[in-house]
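Everything below concerns the one structure shown next.
The values are calculated or read from the model by the stated rules, or taken from the named source; none is laboratory data. Not measured: the values here are computed from a predicted model. Here the Cβ positions follow ideal geometry from the backbone for every residue, glycine too, while neighbour counts run over all protein chains shown.
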Amino acid sequence: MADNYVAQNGKLYVATSGVVPNSMVNMPTISISDNLAKIKISEYTYLVDNVSISGSAATGIVVGSGTITLGGKFATIRLEITENATITAGTKSATHTTAAQAITGLPAVGTNKMSMGYYLIKSQTATLTTLGTTKLSTTAAAGATCMITFYEEFDRAYVADFQGNVSMTNAVSTIEWNGQDIVPAGSASVGMDAQMNISEMAFRPDSLRKLWGATHSVTASLKGKSDGAAYSWLVDADMRPVTLQLLFHFTNSETGKQEQIFCPAGKAMQIPMTFGSKTWVVHDMGWKLFIDDNRHFFFYYAEK
């Protein structure tokens with residue numbers, strides 16, 4: 001439970017049924033390009049300083065540079081994007097004998113860039129794989145072709161910043177029986193209601209879609225402005241709070257160490273919004289927590 005003299009500040013990530021990476025709103029579809037040695041992507045949307053930006057479809061993106069040893073070996077490369085929507089391949093990992101080793105050895109994201117995901121490449125059977133010129137395929141490597149698989153890297157989306165205390169309330173429902181003097185003599189637990197509260201939260205633009213299923217447009221109209229000069233949400237009476245995986249990652253102001261609270265299933269049951277800036281702010285927000293298939297409803301982690 002939260003210490004009144006300790007404040008936390010950090011970020012909230014959520015995982016939805018549509019898997020999206022950090023700061024990406026709509027992931028592009030990745031496929032092999034017509035020239036077979038490169039890839040193409042569909043339209044996509046991402047966030048820069050809380051502003052939604054639409055990226056155009058592109059063809060002929062080079063997978064990367066370097067070589068991968070023949071014999072069905074593995075390497076990984078990130079697909080990275082800059083703030084001005086320049087998409088390039090990152091640094092290739094070392095060559096590994098298994099896919100798991102290659103994924104573990106995935107290089108870090110480049111400076112001032114964001115990862116859109118990563119490639120896993122399986123080299124040709126009998127020929128050295130030269131990136132940028134070797135033919136690519138989504139099927140098993142054979143002959144003059146190497147196999148390429150694209151992974152959306154993150155299973156969570158950054159939706160909000162928060163500060164203040166994080167507290168948890170677990171209320172147990174019971175059936176009680178009274179003693180001779182009308183004082184409870186015992187009880188049987190029949191359920192538990194779990195709720196988490198946070199002092200202040202500042203949500204990013206697209207978060208209302210993730211939390212409540214609101215319709216989000218990145219090219220909305222605004223009175224007095226040209227078409228497409230605004231982004232918008234549409235909330236209607238049929239919407240319900242969405243069940244999400246929640247990850248609160250924060251810094252303890254007293255110790256300076258990292259802490260996390262993970263909730264396998266939670267809903268934002270009410271959202272008292274304050275408008276007027278790039279983000280909207282919620283004060284004293286409550287989250288309803290539910291159990292997962294293993295009957296777990298929250299995990300708390302603290303750096304040693």
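Restricting attention to the range 256-294, and to residues there that are in contact (Cβ under 8 Å) with a residue 12 or more places away in the chain and among the β-branched types (Val, Ile, Thr), which single residue is farthest from residue 230 (Cα to Cα)?
Only one residue tops the list, namely 291.
Could you look through the range 89-118, keep only residues that are without any contact (Cβ under 8 Å) to a residue 60 or more places away in the chain and assigned to a strand (DSSP E or B), and pick out the one that is farthest from residue 151 (Cα to Cα)? Before you say what the answer is, go through the steps one by one.
Our first condition is that a residue be without any contact (Cβ under 8 Å) to a residue 60 or more places away in the chain; within the range 89-118, this holds for 89-113, 118.
Applying the additional criterion that residues be assigned to a strand (DSSP E or B) yields 89, 96, 118.
Numbers: 89: 14, 96: 18, 118: 5 Å.
The extreme case among them is 96.
The conditions are (1) free of Cβ contacts under 8 Å to residues at least 40 places away in the same chain; (2) closer than 18 Å to residue 203 by Cα, and residue 243 fails exactly one of them. Which is it?
(1)
Can you name the number of the only condition in (1) modelled with pLDDT of 80 or more; (2) assigned by TED's automatic domain parsing to the domain that holds residue 29 that residue 169 fails?
Going through the list (1) modelled with pLDDT of 80 or more; (2) assigned by TED's automatic domain parsing to the domain that holds residue 29, residue 169 breaks only (2).
Going through the range 247-272 one residue at a time, which ones are out of contact with any helix residue (DSSP H, G or I) (no Cβ under 8 Å at 6 or more places or on another chain) and closer than 16 Å to residue 209 by Cβ? Before the answer, list the steps.
First, pick out the residues of the range 247-272 that are out of contact with any helix residue (DSSP H, G or I) (no Cβ under 8 Å at 6 or more places or on another chain): 247-267, 269-270, 272.
The answer is 267, and nothing else.
Can you name the residue in the range 109-163 that is of a type in the set (D, E, K, R) and modelled with pLDDT of 75 or more and is also nearest to residue 72 (Cα to Cα) among such residues? Can you show your working first?
Step one: list which residues in the range 109-163 are of a type in the set (D, E, K, R), which gives 113, 122, 135, 152-153, 155-156, 161.
Going one step further and asking which of them are modelled with pLDDT of 75 or more, we end up with 113, 122, 135, 161.
On the way: 113: 30, 122: 5, 135: 14, 161: 44 Å.
The residue in question is 122.
With the structure loaded, tell me whether residue 49 is modelled with pLDDT under 85 and either over 30 Å from residue 204 (Cβ atoms) or more than 24 Å from the chain's Cα centre (by Cα) (or both) or whether it fails that test. Before the answer, list the steps.
On the way: modelled with pLDDT under 85: yes; either over 30 Å from residue 204 (Cβ atoms) or more than 24 Å from the chain's Cα centre (by Cα) (or both): no.
Against the criterion (modelled with pLDDT under 85 and either over 30 Å from residue 204 (Cβ atoms) or more than 24 Å from the chain's Cα centre (by Cα) (or both)), residue 49 does not qualify.
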